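**Q** Got a structure for you, written out below as structure tokens; questions coming shortly.
The values are calculated or read from the model by the stated rules, or taken from the named source; none is laboratory data. All figures in this text were calculated on a predicted structure; none of them were measured in a lab. Methodologically, a virtual Cβ is constructed for each residue, glycine included, from the backbone with ideal geometry; neighbour enumeration extends over all protein chains shown. SASA here: full protein model, heavy atoms, side chains in, ligands and nucleic acids out. Shrake-Rupley method; radii C 1.70, N 1.55, O 1.52, S 1.80 Å.
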Amino acid sequence: MKLTDHKIPRIAARKTAERLSDHLRDMILRGDYVTGDMLPPERELVVETGLSRGSVREALRVLQTEGLVEISLGRSGGARVAAPKRAMLARSVELFVRTNGVALSALLDARAAVEPMMARLAARNRTAAEMEMLEDLHRQFIDSHDDVVRYRRINYRWHLAIAQASRNEPLAALMEAILATGLEATAYEAVGTPENRQIAIAAHDRIMQALRAGDGDGAAEAMETHLTTYSAIVKRME
């Protein structure tokens with residue numbers, strides 16, 4: 001099917017760009033246009049919809065903001081259908097957390113609802129190379145106990161590696177967004193005491209034992225205990 005075979009309905013002026021962006025979004029989501037396809041040129045959209053060039057551009061910018069299209073300028077430019085990037089989800093979660101004043105304990109509770117399942121899946125699905133990476137990160141985590149900044153960065157990478165080893169793309173994307181937001185939370189500075197860091201290292205040890213053994217239930221239980229314990233520590237200090 002040619003791109004020109006897709007008919008764009010005329011749109012009443014009062015509904016303007018919103019209706020056009022809604023219609024184009026629906027076409028993309030149901031597969032009329034797939035990643036890499038070019039949407040009709042601006043001038044064609046103007047003629048077919050009856051909207052002004054400004055309204056058409058506004059509709060395309062909405063789709064660009066959502067990550068559904070990439071817009072390039074020039075004679076051969078235009079709006080090309082794209083797949084939203086994970087970084088956009090992370091940014092959206094970050095904005096939600098900051099503008100709504102979401103507490104660190106709430107982020108940890110959210111992780112406790114999701115991450116045990118990811119640990120269970122990682123124990124079952126992880127490759128030898130991924131296990132080797134987790135072992136290396138765990139060694140670095142232990143060695144960084146006296147360097148809070150490095151400790152937090154390695155902790156982030158270790159949890160993210162487990163999420164990726166789960167082979168569950170939606171959950172991995174969600175975890176990446178939550179982890180990226182929590183990484184910069186200033187509340188971590190208050191709870192990252194030497195004692196609490198040793199508690200976290202011991203918890204990671206238990207999770208690693210389950211991952212090595214391919215014990216999904218054990219990995220899930222150890223991860224849940226780790227996160228709920230840390231959440232309780234944070235709540236006492238908030």
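**Q** Can you work out which of the residues in segment 167-181 that are of a type in the set (D, E, K, R) and part of a helix (DSSP H, G or I) is nearest to N155 (Cα to Cα)?
**A** Ranking the qualifying residues of segment 167-181, first place goes to E176.
**Q** Follow-up. Show the residue pairs that are 6+ apart or on different chains and have beta-carbon atoms under 7 Å apart, the first residue being within segment 126-142 and without any contact (Cβ under 8 Å) to a residue 24 or more places away in the chain, the second being part of a helix (DSSP H, G or I).
**A** Between residues of segment 126-142 that are without any contact (Cβ under 8 Å) to a residue 24 or more places away in the chain and residues that are part of a helix (DSSP H, G or I), the close pairs are Q140/I154.
**Q** So, one more: Does segment 202-238 hold any residues that are surrounded by 14 or more Cβ atoms within 10 Å (Cβ to Cβ), modelled with pLDDT of 95 or more and of a type in the set (A, V, I, L, M, F, W, C), and which are they?
**A** Residues satisfying the conditions are A203, I207, M208, A210, L211, A219, A220, A222, M223.
A quick yes/no check of all residues on (1) open to solvent by less than 30 Å² (accessible area, probe 1.4 Å); (2) farther than 30 Å from T229 by Cβ; (3) aliphatic (A, V, I, L, M):
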| position | (1), (2), (3) |
| --- | --- |
| H23 | no, yes, no |
| I28 | yes, yes, yes |
| T49 | yes, yes, no |
| Q64 | no, yes, no |
| G74 | no, yes, no |
| G77 | yes, yes, no |
| R80 | no, yes, no |
| M88 | no, yes, yes |
| G101 | no, no, no |
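**Q** Which residue pairs have Cβ atoms under 7 Å apart, sit 6 or more places apart or on different chains, and have a first residue in segment 187-206 that is part of a helix (DSSP H, G or I) and among the β-branched types (V, I, T) and a second that is modelled with pLDDT of 90 or more and open to solvent by less than 40 Å² (accessible area, probe 1.4 Å)?
**A** Between residues of segment 187-206 that are part of a helix (DSSP H, G or I) and among the β-branched types (V, I, T) and residues that are modelled with pLDDT of 90 or more and open to solvent by less than 40 Å² (accessible area, probe 1.4 Å), the close pairs are I201/F141.
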